[in-house]
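J.: Take this structure first; my questions come after.
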Amino acid sequence: MPARPRKRRLAWLLMVLWLIPLAAAARPAGADPAGPAAAVAGLRCLGADTMQTLLASWASGFNALQPPAPVEVGAGTRYSAAGVAAVLAGTANCVSFAREPFPAERAAFRRRLGRALVVVPVAGGSFATPHGSFALAVYVNRANPLRGLSLAQLAALFSGRPAPGQARPPTHWGQLGLHGSWAGRPIHLYGMTSRRDSGSPPGIVNFLDQRVLRGQPWRAGLRVQVDTPGSTALAAIVRQVGRDPDSIGYSGFGYATPAVRALPLSMQAGDATVAGSPATVAAGRYALAREIYLGFPATAAGGLAPAACRFLAYALSPAGQRQVMRDRMRFLPLTPAQRRGARAGLVHDCGATVPPASAAHPAYLDRDGAVRIVGYNDMRWMLQAIDRHYAQRYPGVRFRLILKGTRTAPAALADGSSLFAPMGAEFLPAALAAYRRQVGSEPLQFRVAHAALDPRARSSPLAIYVHPGNPLSSISLAQLRRVFTDTAPLASWGQLGLGGTWARRPIHPCGLAPDTALGRYMRRHRFDGKDYAAGYTGYRESERVLQRVAADPDALCFADLNQANPAVRVLGIRLGAGQGVSTGSRADIVSGRYPLDRYLYVYARAARVGQRDRLPCRYLQLLLSASGQRLLAAARPGYLPLSPAQLAAERARARHLLCGPGMSSRPPGGRGGVPAPHPAA
């Protein structure tokens, strides 16, 4: 046979093979009466391309657990509607929805497959990421004095139907509470087209249909803005609102301009309004925050297939929600309340197929079974010693220390990716608030060591320093508060008891800058939360503070005790009647006598009764044991052990808050309390 006809036939054969999958994808929607489950093995997800990387990340983590049926994330689709068409055609059985399903799509599932579409929220939308299912803002012109609206008022505005308790829909700003010249001014509404040529709304309009209008039609007279070359309808809405003082419209926060103002909103009439911000959207408090979803065809019994149940359980697990935070679209993890709601729906649709929350694979376990601990880098050596001792006692347990600083610990504890939060300071208020929002409870704080006197240590007790030529020998805490704050200020050395030429000399207070960790610590713990005095000078590092003291005979400053040198002198702290003076000796620090001491902490997640984990309990018990304290004290850079009284108090708190009854003994054949991995966690 000539070579050219052979090549031509081979080319036709390759083309036919290439067209087969395209023909399958284009098969009429009702052509597969058996449904998607009969056509696709495991799970195959198609839909919104904005969810592609997140789905691929979930699939990779889930498939690594060797589930019975793997998950495949298909490529080549841009919109959720394409995923719906693929499921109806039998070429997929999972839809990624970057918006709420259209009513027509739900109807198509029932009409063509005879089954419902089950949709489960798996993450929050972004705050303002372009195309990231972002939260919506309601904008008025910057000149408009309106302070906020409820969703019921929004529905009345955009539907043209009266809000509850009102006789007619609002057409003038006075009906929304404005007075004076604004009362009679007309309201001009701006928005997008309510229906595309396909008959379905744009995704944002669909969200407003379901969240705000709740099935009511859109008001006639809406000033519709459309996409144009170089500009989107959402940008045009904001532009028109900025030009028209009587206007109101919706758009994304990323489209804001100085000419407009986003209104705070409330879920219900009478509730306090909440302004849209990254924090309120992430916390689920803002009324027009959005979510993203996975959708599946219901089984003949009305629930979900086991493969869908297992994959959803993984997506809703701490590990799955951590992957949300790392995604390029900046989607947001579900709040604790949203996760509980999604999981409750999952239990309803899956029954015994979905693993219970108590059986979930702990997020602090790496794939290789190592226990992850994230936190303070200066605790590395003591934790290494504790880890070795624990592994000797419980063979088979391995730890992985990821110690990059105290600030890394709170978030890792909140999402469960760290067994503990080892920290060189207490939670900052912002970190504590974020933890409460994410977890829904308080972290458990345990002291495990005193700060160190070794100059190599990053965490030191604090000290009050004066110039070596200054004759003052000691000072009380009450006097310190008055020197460093404007509360009944002490401004001269005579007010601290010095006489002669010192009596009239001014005190020059200095120390760590108010916005540093130690500046905040002193303000909170020793200065009753009062602001620093107007004449206070703050530095970023203790070394600079001591240089100032060495050069200024009138300086009275605080800095790290472990940085003391011959060019400065440490003042004693008077402890009160009959208690003497403490200068921060090792004995005073360990006994708890020194009032400017600091601690190292281990924070833990609160354990729910009946679901206590042996590993956190036993690890903390070891840290607080006599042998653990010896290991800690022997490790560099010389952090000091707790006193017997402090140890007794922390052990009692650990038993009560973390361990519970019967948790101190090793289980038969156990691995130190490390849970076995669960395939769907």
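J.: Taking only C-alpha pairs under 8 Å that are 6+ residues apart, what is the relative contact order of the chain in percent? Don't jump to the answer; show the numbers that get you there.
T.: Numbers: 1301 pairs, mean separation 86.3, N = 681.
Relative contact order here is 13 percent.
J.: Quick one: compute the contact order of the range 136-282, relative version, from alpha carbon pairs under 8 angstrom and 6+ residues apart, as a percent. Don't skip to the answer; put the middle values down first.
T.: On the way: 260 pairs, mean separation 54.4, N = 147.
Once normalised by length, the contact order is 37 percent.
J.: Now for a different question. Show that you can apply the helix-only estimate: for the chain, add -39,500 (n - 2.57) for every DSSP H stretch of four or more residues, divide by all residues, and state [θ] at 222 nm to the nearest 500. Don't skip to the end; give the middle numbers.
T.: Numbers: 22 runs with 213 residues, N = 681.
The per-residue figure over the chain is -9000 deg cm²/dmol.
J.: With θ set to phi - 60°, apply the Karplus curve 6.51 cos²θ - 1.76 cosθ + 1.60 along the range 381-387 and write out the HN-Hα couplings as whole Hz, x wherever there is a Gly or Pro.
T.: 5, 5, 5, 4, 5, 5, 4
J.: Identify, among VAL602, ALA517, GLN384, the residue whose Cα sits farthest towards the positive end of the charge dipole of the chain, taking +1 on the Cβ of Lys and Arg and -1 on the Cβ of Asp and Glu, with the dipole about the Cα centre.
T.: Selected residue: GLN384.
J.: Could you please state, rounded to a whole Å, how far the C-alpha centre of the range 400-421 is from the C-alpha centre of the range 616-656?
T.: Centre-to-centre (Cα) distance: 20 Å.
J.: Turning to a different aspect of this structure: Given the options TYR639, GLY74, LEU176, identify the residue whose Cα lies farthest towards the positive end of the charge dipole of the chain (+1 on Cβ of Lys, Arg; -1 on Cβ of Asp, Glu).
T.: Going by the Cα projections, it comes out as GLY74.
J.: Moving on to the next point. Given (1) 19, 56, 24, 1; (2) 16, 47, 31, 5, 1, 0; (3) 15, 35, 32, 16, 2, 0, which label gives P(r) over Cα pairs in 20 Å bins from 0, in percent as computed from the coordinates?
T.: It is the value labelled (3).
J.: How about the range 208-238: which trypsin sites (Lys or Arg not before Pro) there are in a DSSP loop, with at most 12 other Cβ atoms within 10 Å of their Cβ? Kindly include the intermediate steps, with their values, before the conclusion.
T.: On the way: sites: ARG211, ARG214, ARG219, ARG223; in loops: ARG214, ARG219.
Here the trypsin sites (Lys or Arg not before Pro) that fit, given the DSSP loop and packing criteria, are ARG214.
J.: Something else: In whole angstrom, note down how far apart the Cα centers of the range 483-519 and the range 226-298 are.
T.: The two parts, judged by their Cα centres, are 51 Å apart.
J.: Rounded to whole Hz and in sequence order, give me ³J(HN,Hα) for the range 569-582 from the Karplus expression 6.51 cos²θ - 1.76 cosθ + 1.60, θ = phi - 60°, writing x for Gly and Pro.
T.: These are the phi-based 3J(HN,Hα) values: 10, 8, 7, x, 10, 6, 9, x, 4, x, 9, x, 10, 10 Hz.
J.: Given axes a ≥ b ≥ c from the Cα gyration tensor, I'd like to know whether the range 462-591 is rounded (a/c under 1.5), prolate (a/b larger than b/c) or oblate. Please report the intermediate quantities before stating the final value.
T.: On the way: a/c = 1.13, a/b = 1.03, b/c = 1.09.
It is rounded, given that a/c, with a ≥ b ≥ c, falls under 1.5.
J.: Follow-up question, since we're still on this one. Would you mind ranking SER625, SER133 by Cβ crowding within 10 Å, fewest neighbours first? Working shown, then result.
T.: Numbers: SER625 15, SER133 27.
Final ranking by Cβ density, sparse to dense: SER625, SER133.
J.: Counting only the backbone N, which residues of the range 262-285 are under 20 Å from the spot 7 Å out from the Cα of GLN210 toward its beta-carbon?
T.: 267-268, 281-285
J.: Still on this structure, I have one more. Starting from the 7 Å offset along Cα-to-Cβ, what nm value, one decimal, do you get for the label separation of ARG458 and ARG436?
T.: 2.7 nm
J.: How big is the antiparallel share of DSSP beta bridges in the range 136-282, given as a percent to the nearest 5? Each step should come with its number before you reach the end.
T.: Values: 11 of 18 bridges.
The answer is about 60 percent antiparallel.
J.: Which ordering of THR50, THR280 is given by a fewest-first count of other beta-carbon atoms within 10 Å?
T.: Ascending Cβ contact count within 10 Å gives the list THR280, THR50.
J.: Given H placed 1.01 Å from N in the peptide plane, which residues other than close sequence neighbours of CYS557 have an amide H under 5 Å from its amide H?
T.: Under 5 Å from the amide H of CYS557: TYR465, CYS510.
J.: For a Förster distance of 41 Å, can you work out the FRET efficiency between the beta-carbons of ARG168 and LEU428, rounded to the nearest 0.05?
T.: Working: r = 51 Å, r/R0 = 1.25.
FRET efficiency, ARG168 to LEU428: 0.20.
J.: With both partners inside the chain, how many of the DSSP beta bridges are antiparallel, as a percent to the nearest 5?
T.: On the way: 45 of 72 bridges.
If I count the DSSP bridges inside the chain, around 60 percent turn out antiparallel.
J.: Using θ = phi - 60° and the Karplus form 6.51 cos²θ - 1.76 cosθ + 1.60, what ³J(HN,Hα) does each residue of the range 134-149 get, whole Hz, x for Gly and Pro?
T.: 6, 5, 9, 10, 10, 9, 10, 5, 4, 7, 6, x, 4, 9, x, 9
J.: Still on this structure, I have one more. Please list 293-301, 594-602, 437-445 highest first by mean number of surrounding beta-carbon atoms within 10 Å per residue. Each step should come with its number before you reach the end.
T.: Numbers: 293-301: 19.7, 594-602: 23.1, 437-445: 17.0.
For the peptides 293-301, 594-602, 437-445, the packing ranking is 594-602, 293-301, 437-445.
J.: With a ≥ b ≥ c the root eigenvalues of the C-alpha gyration tensor of the range 136-282, is it rounded (a/c under 1.5), prolate (a/b larger than b/c) or oblate? Kindly include the intermediate steps, with their values, before the conclusion.
T.: Working: a/c = 1.31, a/b = 1.18, b/c = 1.11.
Verdict is rounded for the range 136-282.
J.: Moving to a separate point now. Report the extension gain between ALA649 and THR501 in nm, rounded to one decimal, defined as 0.36 nm multiplied by the number of residues separating them, less their alpha carbon distance. Can you show the working numbers first?
T.: Working: separation 148, 0.36 × 148 = 53.28 nm, distance 4.90 nm.
Going from the current span to full extension adds 48.4 nm.
J.: Starting with the fewest neighbours, write out MET329, MET423, MET267 ranked by other beta-carbon atoms found within 10 Å of each beta-carbon.
T.: Values: MET329 23, MET423 27, MET267 15.
The order, fewest Cβ neighbours first, is MET267, MET329, MET423.
Since every read-out is calculated from the coordinates, none of them should be taken as a lab result. Please read these numbers as outputs of a predicted model, since none were measured by experiment. Here the Cβ is made from the backbone with ideal geometry for all residues, glycine too, and neighbour counts use every protein chain on show.
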